[in-house]
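Report on one structure; see the data block that follows.
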Amino acid sequence: MPLEALRYPITPVGLHYLLIHYDIPLTAADSWTLEIGGLVEQPVTVTLDELKAREAEELTVTMECAGNGRARLEPRPESQPWLLEAVGTARWFGTPLRPLLEEAGIQDGAVEVLFTGADHGREGGMDQQFQRSLSIEDALESDAILAYEMNGAPLPPQHGFPLRLLVPGWYGMTSVKWLTRIDVLAEQFSGYQQAHSYRVRQEEDEEGDPLSRMLPRSLMVPPGRPDFLTRERIVDGPCVVEGRAWSGHGEIVAVDLSADGGETWEAAELGEELGPWAWRGWSYRWEPEPGSYELCCRASDSAGNEQPVEQAWNVGGYANNAVQRVPVSVS
Ligand SMILES: Nc1nc2c(c(=O)[nH]1)N[C@H]1C(S)=C(S)[C@@H](COP(=O)(O)O)O[C@H]1N2
Ligand SMILES: [Mo]
């Protein structure tokens, strides 16, 4: 998402970031089915029309890739070289996951719920479909929905048409697109995207800690206008710096701004909340003298997490929520 799109409370579909491990599969709504199986009392196959006839709800959700910020780590980890643009906010509409699982009837001994997408490819030397699991508790308690609309229209192919999982507050890898199967498992899923990818580790061969909810982050709308080659921002004098902040651990309680690269901070004003799972706008009246500055913003959430000035390196380059730094020249 180009960062100037932070101006929109709801990201227009074509400006929302995309992360696609393999190919966008060619899918058709009329022949699409979702199978719910594994350790359930009643395995079922449901069509898209049947899902659309069920209770429905809309969630406004800020979703961010766990690799956002990766390219700012040194040495730069392999994989998608995101700077800060792997985020977007959409109105997702669909049917809640919990009643579907309850109707299928989770059996005793169940440990996890596995979600399988229709896309496939080779990764880590293995042929695979994109698959991710949630604990039974997270699957039931996380307000997850099976979404078939985004911003008031059917999901576009690149965002999971015709059906995707949407788990609010979690990094994006959890929200499996092109969803074809849900399986209740008697053990923890040990597939590639769960046991190998999306873990914070210092060494390639250690087990690491799984990623789940988004750490707080705040981003500013690039102030002023850009210099074409250096991308430095040019500002003509006093201005309002604005942006958005989010966290998957709780509401945003503060955003601070620094004009000196993170030495000193002042509080920004928080805007209205869009909903419990969406980013929150903020603004700050900046009155600089002419000169060169490095603007930084940092967010804190109600769980006590604050964005760090530097973030620790890890093999996958995940969850780098170090404060944003924007060089600005004021004339
Ligand atoms: N089936 C499938 N689901 C997927 C992915 C994928 O490659 N295949 N990518 C995941 C990752 S890593 C992210 S960050 C989000 C991105 O969702 P978006 O492209 O709709 O923004 O989708 C997740 N769901
Ligand atoms: Mo991602």
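The values are calculated or read from the model by the stated rules, or taken from the named source; none is laboratory data. It should be emphasised that the depicted structure is a prediction, and the values quoted were computed from it without experimental measurement. Note that we place each Cβ from the backbone using ideal geometry, even for glycine, and neighbour counts take in every protein chain shown. Areas reflect the complete protein model, heavy atoms only, side chains present, ligands, DNA and RNA absent. Shrake-Rupley method; radii C 1.70, N 1.55, O 1.52, S 1.80 Å.
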- Item | Long-range tail of P(r) for the chain (Cα pairs > 34 Å, %) | 27
- With θ set to phi - 60° and the Karplus curve 6.51 cos²θ - 1.76 cosθ + 1.60, what are the ³J(HN,Hα) couplings of segment 93-101 in order, to the nearest whole Hz, using x for Gly and Pro? 10, x, 9, x, 6, 3, x, 4, 5
- Message: Could you tell me the extents of segment 116-155's C-alpha atoms along the three principal axes, largest first, rounded to whole Å?
- Response: 37, 30, 11
- Item | Other-chain or far-sequence residues with amide H under 5 Å of VAL221's (modelled H) | GLU242, GLY243, ARG244
- Item | Accessible area per residue, Å², segment 217-330 with all protein chains present, probe 1.4 Å | 46
- From the P(r) of segment 197-270, can you give the percent of Cα pairs sitting at distances over 19 Å? 57
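I want the local charge near PRO43. Using Cβ-Cβ distances under 12 Å, sum +1 for each Lys or Arg and -1 for each Asp or Glu among the other residues.
Neighbour charge sum, excluding PRO43 itself: -3.
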- Inverse mean reciprocal Cα-Cα distance (Kirkwood Rh) of segment 1-111, Å: 17.3
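Nearest 500 deg cm²/dmol is fine: what mean residue ellipticity at 222 nm does the chain get from its DSSP H runs of n ≥ 4 alone, each adding -39,500 (n - 2.57), divided by its residue count?
It lands at -1500 deg cm²/dmol.
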- Item | Carbon plus sulfur fraction of accessible area for segment 58-123, probe 1.4 Å, in percent | 45
- Taking H as built 1.01 Å from N, whose amide H comes closer than 5 Å to the amide H of SER133, not counting residues under 5 places away? PHE115
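Could you please report the charge total around GLN193, scoring K, R as +1 and D, E as -1 over all other residues with beta-carbon less than 12 angstrom from its beta-carbon?
Result for the neighbourhood of GLN193: 0.
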- Calculate one ³J(HN,Hα) per residue across segment 298-306 by plugging θ = phi - 60° into the Karplus curve 6.51 cos²θ - 1.76 cosθ + 1.60, and present them in order as whole Hz with x for glycine and proline. 9, 10, 10, 10, 6, 8, x, 7, 10
- Along segment 126-139, Karplus-curve 3J(HN,Hα) (6.51, -1.76, 1.60; θ = phi - 60°) to the nearest Hz, with x for Gly and Pro, reads 10, 6, 7, 9, 6, 9, 9, 10, 10, 5, 4, 4, 5, 4
- Message: Regarding segment 259-331, what's the average projected area of the Cα-atom convex hull, expressed in nm²?
- Response: 6.6
- Pop out the carbon and sulfur fraction of the accessible area of segment 217-330 as a percent, whole number, probe 1.4 Å. 48
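For every other residue with a beta carbon closer than 12 angstrom to the beta carbon of ALA303, add +1 if it is Lys or Arg and -1 if Asp or Glu, then tell me the sum.
In short, -2.
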- Message: So if I take the centroid of the Cα atoms in segment 43-86 and the same for segment 201-253, what is the distance between those two points in Å?
- Response: 17
